[in-house]
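Working notes for the structure below.
Derivation of every value follows stated rules applied to the coordinates shown; laboratory data play no part. Small disclaimer: the values here were computed from a predicted structure and weren't measured.
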Amino acid sequence: MERANEVSGMTKETQTILKQALHLKPVERAELIERLLRSFDKAEDDRVDALWGEEAESRIDAFEEGKLTADPEEAVFNRINRR
């Protein structure tokens, strides 16, 4: 049976890294996750990047047309980091 402070299949070093990562701010953990996932497949997924680009442009257009509102960046990151 796995103890609460041990993760099955992980070396001590990996467990240490995990414990450190769990203390990062949510935004920092998300960035770490993204970079780790990218390390499995070095080739960028151009299709996904293009779709996100289209979505971003659509949101910018909607904001400029007054169809969307936005919160200040600082308020958004403060909300995320309080979690």
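Annotations for the structure displayed:
- For segment 44-83: rounded, prolate or oblate by the Cα gyration tensor [a/c cutoff 1.5]: oblate
- Three-way shape label, the chain, alpha-carbon gyration tensor, a/c 1.5: oblate
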